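The values are calculated or read from the model by the stated rules, or taken from the named source; none is laboratory data. Everything quoted here is computed from the prediction, not taken from an experiment. All Cβ positions, even for glycine, are placed from backbone atoms using ideal geometry, and neighbour counts span all protein chains on display. In case anyone asks, the SASA skips ligands and DNA or RNA and just uses the protein heavy atoms, side chains included. Shrake-Rupley method; radii C 1.70, N 1.55, O 1.52, S 1.80 Å.
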Amino acid sequence: MAEKFRLLGLPGSLRKKSASRAVLRWLQTALPPDVEMEIFELGEIALYNEDLDDDRPAPVRALFDKVKAADGLVVLTPEYNHGMSGVLKNAIDWISRPGYNSILKGKPVAALTTSESPLGGVRAQSDLHMVFLSCLSRIVLGKEVTIGGTAKAIIDGKLVDEALQKRILAHIDLLLEEICLVQGRKR
């Protein structure tokens, strides 16, 4: 049996009932049998301090280890003030060190956004692309996944919009293709 694909989900919100977390939890149950995904909570990650690059706090080391071990990342952030969440940007700042040679270099990343607005976080999507490209990550190309109208798409903490479910799973297929390309692996 082939080794499973290991994904790491990063929710860009600290809220327990956030749309980003709800989508990641749904995705955990919807992934094909050859894929597993862990969700890493960012609430314990200290504010980035370059003085600590050589002596990272324990939660930051844990994040670093999980990102390094993952075949790919699934990043979901709400849009706050027309950009990605501060908690997610802070986590990326930690794991993006050393610059241009971090564990994010060459790492396949699926970037998704959520918003109550019909736009679904398109400006946060742009932020994610810019930041991960500057880290030399491999952003999944194709139709972007922005999840708008979250109050109707997510009911009682569950993603119920079937069209969105299909779009997300198609995007994850693109992420798996990118992982195969990077690793020289077949699916």
- Query: Considering only protein heavy atoms, what is the solvent-accessible area of D53 at a probe of 1.4 Å, reported in Å² to the nearest 10?
  - Reply: 40
- So for the chain, Kirkwood radius off the Cα pairs, Stokes-Einstein at 37 °C and 0.692 mPa s: how many µm² s⁻¹? 199
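Per the 1.4 Å probe, what fraction of the accessible area of the range 44-161, in percent, lies on carbon and sulfur atoms?
Details: 3040 of 5800 Å².
On the range 44-161, the fraction of accessible area on carbon and sulfur atoms equals 52 percent.
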- Message: Step by step: find N for the range 98-187, compute 2.2 N^0.38 Å, then divide the Cα radius of gyration by it. What's the final number?
- Response: 1.20
- Go through the range 20-93 and name the GluC sites (Glu not before Pro) that are in a DSSP coil and have 16 or fewer other Cβ atoms within 10 Å of their Cβ. E41, E44
- Note on the structure: Of the listed links K16/K107; K4/K105; K66/K107, those spanning more than 19 angstrom between alpha carbons are K16/K107; K4/K105
- Item | Helix-only mean residue ellipticity at 222 nm for the chain, each DSSP H run of n ≥ 4 adding -39500 (n - 2.57), per residue, nearest 500 | -12000 deg cm²/dmol
- Message: Just to confirm the filter: which chymotrypsin sites (Phe, Trp or Tyr not before Pro) across the range 89-187 are DSSP coil and have at most 11 other Cβ within 10 angstrom of their Cβ?
- Response: Y100
- Highest first, please rank the peptides 12-18, 102-108 by the mean number of other Cβ atoms sitting within 10 Å of their residues. 102-108, 12-18
- Item | V35 accessible area, assembled protein chains, probe 1.4 Å, Å² | 10
- Fully extended, how many nm does the chain gain between A69 and E38 (0.36 nm per residue separation, minus their Cα-Cα distance)? 10.0 nm
- Query: Under DSSP H, which helices of the chain have Cα atoms covering 15 Å or more of the helix axis and a Kyte-Doolittle average no less than 0.0?
  - Reply: 19-30, 58-69, 122-134, 162-183
- Over the range 1-146, average the accessible area per residue using a 1.4 Å probe and give it in Å², no decimals. 49
